[in-house]
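FYI, it's all coordinate maths here, none of it is from the lab. These numbers were taken from a predicted model, which means no experiment stands behind them. So basically every Cβ, Gly included, is an ideal-geometry build from the backbone, and we count neighbours across all protein chains shown.
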């Protein structure tokens, strides 16, 4: 069942995005469907989540809908959606229907989704190009090709089918990469909710509690704060589990003397937050844990300092790696000079991932990282994560005091005109702040 946004959508926001897409297309037609409902088992469905590209252009959260956008001298936006049905609304909840959807969301036209197959050939006729996304859903691909073939069969009547098919996602990726004021405001609110959830988790953590119990504290705070769902499956990893990057079992018992790594964020009105904090189960870092933690914290600070307009995407990663490698050498994990260890890649035994990713409607959001073989330049409105880590599994000559220590620290950072804004800054991350919070 679709969930409503926290605030009523402003149709002007989405209409402006559709107009920008039409300008980029110049001439032609784009078709953007929302996500289908998915069966979990038997007659139970997964909680519904709309397609991010569709939502970006419409603000419409109901399933079984398609946007048709016509670009050219007389641009038009057309929504196909479920019809009003009082019987189904008793079972499944409110639905707009075409007439209300057209008015509320600012479309030029709207029709019952049942009319889609019948109307699409006419929309496609004599359009020079079709913008759509193929290759993700075989049934959808077959449907689009059926419409095209229907138009091609009218060639003797002087009607032409689109000669070019382009990936509309490629145009939208660049648009989605730069967040507008509406998006940034939503992401700030998502960050606030997730920050409160991490603080709650820290206060609730104690030896003997289960990872699943701490996950429950996160979920409680997400919903209490108004978020609709987690942005991704929460990672609640105690002890050696923190050295498994995508650990999601969350079923172990927390032990005194271990660290707890939590990578978790909520989704609010479609927008993701993404925070990682690593803290001691018993509220006090050991000397070895503190050594590793301070290295990762310094690496993150160096990386965040590189987030500014004009900087290359990879600059934060390069800065973090240099600090991490220096620390690994100091801890006896790697041998040689910083440059030699980086060149050999030996540090990747303990730091094997990148330092961040784009963030937005998807937790790993749309947008290229390179252009013409060169790292992309950061621009105001881009939002990325900064998340260095160090994961020291036992064995392979690892000093005993560091064995099975896994640390990651992650924040959400928006590029501003003059530098950056750390959206998740309020989530405690210094040793002093974390230990103080856990004493309360």
Inset, instruction - Could you compute the FRET efficiency for residue 99 and residue 393, with r as their C-beta to C-beta distance and R0 at 60 Å, rounded to 0.05? - result: 0.50
Inset, instruction - Mind pulling the angle between the C-alpha long axis of helix 11-25 and the longest principal axis of the chain? Nearest 10 degrees, somewhere in 0 to 90. - result: 80 degrees
Legend entry - Rounded tilt (10° steps) of 287-305 against the dominant C-alpha axis of the chain: 40 degrees
Inset, instruction - Can you work out the PRE-style zone for residue 229? Point 7 Å along Cα to Cβ, and I want the residues of the range 53-94 with backbone N under 20 Å. - result: 53-67, 82, 92-94
Inset, instruction - On a 0 to 90° scale, report how tilted helix 211-224 is relative to the longest principal axis of the chain, with both axes built from alpha carbons and the result rounded to the nearest 10. - result: 50 degrees
Legend entry - Euclidean distance between Cα centres, the range 384-423 to the range 316-373, Å: 10 Å
Legend entry - Cα Rg, Dmax (largest Cα-Cα span) when computed across the range 11-176, Å: 16.1, 49
Legend entry - Full-extension gain in nm, residue 129 to residue 76, via 0.36 nm per residue minus C-alpha separation: 17.6 nm
Legend entry - Reported label for calculated volume of the Cα convex hull per residue in Å³ given (1) 146; (2) 160; (3) 170: (3)
